[in-house]
Amino acid sequence: MTQKTVTWNKSSWQNYTALQQPKWPDQEKFNQVIESISALPPLVFAGEIRELKKLLAKAVNGDAFLLQGGDCSEEFANCTAPNIRETLKVLLQMAVILTYAGGKPVVKVGRIAGQYAKPRSSDTEVVDGVEIPSYRGDMANSIEPAEEARIPDPERMLKGYYLSASTLNLLRAFTRGGFAALHRVHAWNQEFVKQSPMGRSYERLANQLSQALDFMETIGISTDIPQLKQAQFFTSHEALFLGYEEALTRQDSTTGDWYDCSAHMLWIGDRTRQIDGAHIEFLRGVLNPLGMKIGPKHDIDDILAIIEKLNPENEPGRISLITRFGAKGIEQYLPQLIRAMKKEGHHVVWTCDPMHANTFTATSGHKTRNFDDILAELRCFFEIHWSEGTVPGGVHFELTGNNVTECVGGARQLVDDQLSEKYLTTCDPRLNAEQSLEMAFQISEMIRR
Ligand code: TRP
Ligand code: MN
């Protein structure tokens, strides 16, 4: 931890302090796993990453809008075709709503195919009076509340790699193979959503879109084109376990540049973005688009310094700032941050994460979020940007396509007592499919303004 490297390489982060790493008990085994992953094919390709960066550059100016969403943390056991399909469906529905009603191309980025590592506020937790290591995501240990299950196992990184590959494979099949074709907008509306107010609003929008496509056919414009038949879809996760990220970092043979090929976009958490820390050191050298989470405890000079380091050329599309201040905090924190960034002339995609600072414990004991708080933070986000003359460029949600009961409120007015009905998350509470659609309709109006 002593010698500081000036020139970057994919291992240079090892000279810095890396927070939030699992305490792998067997270094030898860890090294073997990392070596295996390093020899395996990359999960995504540099050309795709560059494509995403171009699209995000448009979001900087307001010529596109970023929709990022998925589970708080993915679980190995949930890596099934139905789960992947349902998450994709709801993201496609939201994207269609935002594109059609909001009138802007939507950059679709899932928190998927690799979101297996979680930062924790404490190294240990007490379960039934016994202190055991904290759960750090399926790529480190098991959620099962037992000492043995919580010991980090590097083999889990290898499993995470393979499950990410499987997930990506199905996503690519769905988005390229016809499932995501705009002709199929009706098919993404799920049975349990159809009968709801939001499901019906969606049906109306889908009807309009179908009519527009039919009209084009009628007058002789072919709709058999990739713009209509395929959806552009990208993956993202928090770049947390640096050994894993390093193992998937590859040099692009066409340009000589380095990319972290574990996902298209990576984000850096609020807890691991120390200016002299290992995470910043690692990320500064890979050319992927980067998200940076910013919570209420940030220091503006610190944020500016980090941006200088991660994006010295001020390239648009490289940095998305994902602010998470809470409905109550956003007025206090966002305007100052915006002004500081404006002054420096930094090009960023301003993105709102209205989930993380609106978490509370319900009377039932469940960790939850209220739909109204989420929407309130979003509204403020748009209004503040309008009044500052900056561009609200995107949103970041924790959501699932399943019919869960994890967040209260929404059109169905889910209440505290219902949370236990289908509370499935192992980490933070997610919007269900219906709540996600409602959110998209609300946002589309703000985008169109
Ligand atoms: N190809 C465009 C895109 O990916 C349009 C499109 C096709 C689309 N299928 C979609 C948009 C599904 C939203 C959802 O944006
Ligand atoms: Mn979360």
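Return the FRET efficiency for the residue pair LYS342, ARG448: r is the Cβ-Cβ distance, R0 is 35 Å, and the value is rounded to the nearest 0.05. Before the final figure, lay out the partial values.
Numbers: r = 24 Å, r/R0 = 0.69.
Step by step, r from the Cβ atoms, then E = 0.90.
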Mean Cα-pair separation over length for the range 218-353, i.e. relative contact order, pairs under 8 Å, 6 or more apart, %: 18 percent
For the chain, set up a GNM with springs between Cα atoms under 10 Å and report which of GLY295, GLY389, GLY317 has the largest fluctuation. GLY389
Kirkwood Rh and Cα Rg combined as Rg/Rh, the range 125-282: 1.12
If the cut-off is a Cα-Cα distance under 25 Å, which lysines reach LYS58, setting aside same-chain residues fewer than 8 apart in sequence? LYS89, LYS104, LYS108, LYS229, LYS293, LYS309, LYS342, LYS343
Ellipticity estimate at 222 nm from DSSP helix runs (n ≥ 4, -39,500 (n - 2.57)) divided over the chain, nearest 500: -12500 deg cm²/dmol
Sorted by packing (mean other beta-carbon atoms within 10 Å per residue), highest first, where do 34-43, 122-131 land? 34-43, 122-131
Give the cross-link partners of LYS194 among the aspartates and glutamates, using a straight C-alpha distance below 18 Å as the criterion and excluding same-chain residues fewer than 8 apart. GLU86, GLU203, GLU434, GLU438
Sorted by average packing, counted as other Cβ atoms within 10 angstrom per residue and highest first, what order do 260-266, 376-382, 306-312, 219-225 take? 260-266, 376-382, 306-312, 219-225
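Give the Rg/Rh ratio for the chain, taking Rg as the radius of gyration of the Cα atoms and Rh as the Kirkwood radius, to two decimals.
Numbers: Rg = 21.3 Å, Rh = 22.5 Å.
Rounded to two decimals, Rg over Rh is 0.95.
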May I ask you to rank THR80, THR218, THR368 by accessible area, largest first, using a 1.4 Å probe over the protein chains only? THR218, THR80, THR368
Once ligands and nucleic acids are excluded and a 1.4 Å probe is used, how much of HIS183 is accessible, expressed in Å² to the nearest 10? 80 Å²
Whole-number accessible area per residue in Å² for the range 336-449, which is evaluated in the context of all protein chains at 1.4 Å: 38 Å²
Which of the helices in the chain, when you take each full DSSP H run, stretch at least 20 Å along the axis at their Cα atoms and have an average Kyte-Doolittle score of -1.0 or higher? 46-61, 81-100, 155-176, 197-218, 330-344, 371-388, 433-448
Could you state how much accessible area ARG184 has, in square angstrom rounded to the nearest 10, with a 1.4 Å probe and all protein chains kept in place? 90 Å²
D (Stokes-Einstein, µm²/s), Kirkwood Cα radius, the range 17-140, 0.692 mPa s at 37 °C: 184 µm²/s
Which of LYS159, LYS104, LYS343 moves most in a GNM of the chain, Cα contacts under 10 Å? LYS343
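Using unit Cβ charges (K, R positive; D, E negative) and no other charged atoms, how large, in debye to the nearest 20, is the dipole of the chain about its Cα centre?
Working: 47 positive and 57 negative charges, 244 e Å.
Here the chain has a charge dipole of around 1180 debye.
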Please tell me the relative contact order of the chain in percent, rounded to the nearest whole number, where contacts are Cα pairs under 8 Å and at least six residues apart. 22 percent
As a test question: what accessible area, to the nearest 10 Å², does LYS229 have when a 1.4 Å probe is rolled over all protein chains in place? 70 Å²
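So, by mean Cβ neighbours within 10 angstrom, what's the order for 411-417, 97-103 with the highest one leading? Let's see the in-between values first.
Numbers: 411-417: 14.3, 97-103: 20.0.
Top of the packing list down: 97-103, 411-417.
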In straight Cα distance, which aspartates and glutamates are under 18 Å from LYS328, not counting same-chain residues fewer than 8 positions off? ASP353, ASP372, ASP373, GLU377, GLU383
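Percent of accessible area on the range 206-252 owned by carbon and sulfur, 1.4 Å probe?
Values: 1100 of 2140 Å².
That fraction is 51 percent.
The values are calculated or read from the model by the stated rules, or taken from the named source; none is laboratory data. Just so it is clear, the structure is predicted and the values come from calculations on it, not from any experiment. Cβ coordinates were reconstructed from backbone atoms using ideal geometry, including for glycine residues, and neighbour counts include every protein chain displayed. What goes into the accessible areas is simple: the full protein's heavy atoms, side chains included, and nothing from ligands, DNA or RNA. Shrake-Rupley method; radii C 1.70, N 1.55, O 1.52, S 1.80 Å.
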